Amino acid sequence: MVSAARGARPESVRARSHRQLVWVLSGLWLLLICWLAFFQGLGSLGLMDKTEALFVEVGHQMMERGDWVTPWWNGERFFDYPVWGYWMVGLSFRLFGVSEWAARLPVALAASAVVVAAFGLMLAWSPAGEAGRPRLLRGVVAAGVIATTPGWIGWGRTSTTDMFLSSAITLALFGFLLAHRHRADPWRAPLGRVAMALFAGIAVLAKGPVGLLLPGLVVVVFLLLTGHWRTWLRWRPLLAMVALFLSVSAPWYGAAAAANGGDFIGGFLGFSNLQRFTTVLYDHPGPPWFYLPWLVLLVLPWSLFLPLAIAAQGFWRPSRWRTAAAGPSGDGGAPAELGLFLLLWLVLVVAFFSAAATKLPGYILPALPAASLLVALLWRPLPEATTPAGTAPGRTGVRIAAGLEVLLLGAMAVAAALAPGWVAGDPAYPEFGAALSRSGLPLALSLCLGLTALALLVLLLRPAATDWLWLPSLAGFLAVLGLVIAPLGPLLDRERQVPLRQMARAAQAAARPGEPLLIVGTLRYSLLFYGEPEAVFVSDRHHINQLALQGPAALSLAPDSRSVRLVGDRRDLEALALPPQGIERLARTGELALWRVPRHHLVP
């Protein structure tokens, strides 16, 4: 007996070591994809005009002023968005110094949190008796698809409020799924409810009531359709969730209303929420189907498989909903319920923003994790969850979609090789095309896309490999991130952003007492971050005349102001048709120019 026990011990040690190795490799995988997608070269590109530069400058002003209640931008209170994102940027500046990297670090962390949480969610929804390999592979695919979704990458590297809202909504809904799946578990169910309330509160702090409305709409519709709503009507957990939600979201709203009164209520709730939904703001209209092509673009190449993933849920068959609601598997929801929830999540978010009058591509960012996970479940479905991917019709559909991806990647490879010639025609950056060609990056991108298409084609010729058609796409996208996107940042910065920073410093150094700065033409908000924090933005001479009629203060002219600085593209400045007498051409970088003009040229 002693001998048998001793013989069994190495087996146990080997099994434990194997499990530890698997977890270490999983952690390294998550670190790799998050590093490539969100962190590599994060600060190598200057702040982009106009939204990112505006958003970051508000956080910068919060830190500079020490006012963490009232957002300020360009010398005025700014209530377009709530405060969470500004807090994150300001805190990052306080901890790491003012830089592009510090400005974008919070959004990169938020985007990465969703990737890691998606991995954990797939493990949490896997049946307890399922083998470890398929469980981990499902999590690996889910995390990889989200991390290689172009929309999630783009906004995960851009410091705007969209990622803060989207990641908070996603984590709140992940919390619901965790609590729903393990509602009898003594620690996972409470953890899920805490996540729901906490991240819903953060979402409301990130962009307002929509942060509660969207996840609440998805959860309520799901519970009504599946018949599980009664299990959530226990007053003690609900009361605790409400208390946590209010403790996170309410204090700032109360402080902002107390400090700013009706200006805050009217500016934020009235203009930035109600008017944004009911009327077209900032000249951003769109038809009801506006977001459908954007959904395809933001989820490429995975969006080619999204129709199959949606069809896999059998949403047209009411029996699917009844089967999902009939009885839980284990201590929580049936496997099919995860796909149904993700489908509702995707459809309701897109439908909500399609109904809004003001439309911007970033608004549907909260739907991208749902689309990504639906595609991941197509490749690696949960046991007992009906999916056509393993059937003959399902495999045929997957192979057709993969064939379309081969054609798309081939076309993109050709387009990448021709890209330098296309961008050379940009009059604002005439040298950029030549610099791009010399870098070799278009050729590298073309090669990555071409090799990915070739690998997909090889797998298509092997019917037994259909279940692995996701692998070349994932590997190819990661190669593009590491070999093309990372070195593209410094090139873009050198050719397009450095002149802006140079001009901002030149304009600040040339300033005379009482001399305002007018930014003409393109709304280059980054000049406020890199230079002086206030300026007047004008489009043309007619706009200047309109402001002049309102009085000198509309152009930031003081009684002792004798001259005005103008910054803009040389062509925009020349289009003002100002008298040449007295104009000083102070600086020029590329097409950007800095002029000093006498006051009477603008205000008679």
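Overview of results
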item	result
Looking only at segment 81-91, and only at residues there that are of a type outside the set (G, A, S) and open to solvent by less than 30 Å² (accessible area, probe 1.4 Å), the one that is farthest from F264 (Cα to Cα)	V89
Top-ranked residue of segment 424-440 - restricted to ones that are surrounded by fewer than 16 Cβ atoms within 10 Å (Cβ to Cβ) and assigned to a helix (DSSP H, G or I), ranked as modelled with the lowest pLDDT	A434
Residue within segment 16-35 that is under 23 Å from S526 (Cβ atoms), touching a residue at least 24 places away in the same chain (Cβ under 8 Å), in contact with a helix residue (DSSP H, G or I) (Cβ under 6 Å, 6 or more places away or on another chain) and open to solvent by less than 40 Å² (accessible area, probe 1.4 Å) present	no
Unique residue being open to solvent by 40 Å² or more (accessible area, probe 1.4 Å), of a type outside the set (A, V, I, L, M, F, W, C) and assigned to a helix (DSSP H, G or I) when the list is R94, R138	R94
Residue that is surrounded by the fewest Cβ atoms within 10 Å (Cβ to Cβ) [pool: residues in segment 568-592 that are touching a residue at least 40 places away in the same chain (Cβ under 8 Å) and touching a helix residue (DSSP H, G or I) at 6+ places or on another chain (Cβ under 8 Å)]	T589
Verdict on L238 being assigned to a helix (DSSP H, G or I) and either within 29 Å of the chain's Cα centre (by Cα) or buried (at least 20 other Cβ atoms within 10 Å of the Cβ) (or both)	no
Test: residue in segment 154-174 that is crowded, with 21+ Cβ neighbours inside 10 Å and more than 30 Å from L42 (Cα to Cα)	no
Pairs, first of a type in the set (D, E) in segment 533-557, second open to solvent by less than 70 Å² (accessible area, probe 1.4 Å), C-beta under 6 Å, six or more apart	E534/N74; E534/G75
Residue in segment 546-567 that is among the charged types (D, E, K, R) and open to solvent by less than 30 Å² (accessible area, probe 1.4 Å) present	yes
Given (1) of a type outside the set (A, V, I, L, M, F, W, C); (2) assigned to a loop (DSSP other than H, G, I, E, B); (3) out of contact with any His (no Cβ under 7 Å at 6 or more places or on another chain), index of the condition P579 fails	(3)
The lone exception for L205 - which of (1) without any contact (Cβ under 8 Å) to a residue 60 or more places away in the chain; (2) open to solvent by less than 10 Å² (accessible area, probe 1.4 Å) it fails	(1)
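Yes or no, residue by residue, for (1) at pLDDT below 85; (2) open to solvent by less than 60 Å² (accessible area, probe 1.4 Å); (3) over 29 Å from the mean Cα position of the chain (by Cα):
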| residue | (1), (2), (3) |
| --- | --- |
| G390 | yes, yes, yes |
| A416 | no, yes, no |
| W422 | yes, no, no |
| P442 | no, yes, no |
| A455 | no, yes, yes |
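Each row is one residue, and each column tells you yes or no for (1) crowded, with 22+ Cβ neighbours inside 10 Å; (2) more than 21 Å from L343 (Cα to Cα); (3) in contact (Cβ under 8 Å) with a residue 12 or more places away in the chain; (4) in contact with a strand residue (DSSP E or B) (Cβ under 7 Å, 6 or more places away or on another chain).
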residue: A113; (1), (2), (3), (4): no, yes, yes, no
residue: E130; (1), (2), (3), (4): no, yes, yes, no
residue: R133; (1), (2), (3), (4): no, yes, no, no
residue: L177; (1), (2), (3), (4): yes, no, yes, no
residue: R188; (1), (2), (3), (4): no, yes, yes, no
residue: A197; (1), (2), (3), (4): yes, yes, yes, no
residue: V220; (1), (2), (3), (4): no, no, no, no
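The values are calculated or read from the model by the stated rules, or taken from the named source; none is laboratory data. Since this is a predicted model, take the numbers as computed values, not measurements. Please note: Cβ atoms are built from the backbone with ideal geometry, for glycine as well, and neighbour counts cover all protein chains shown. Accessible surface areas use protein heavy atoms only, side chains included; no ligands, DNA or RNA. Shrake-Rupley method; radii C 1.70, N 1.55, O 1.52, S 1.80 Å.
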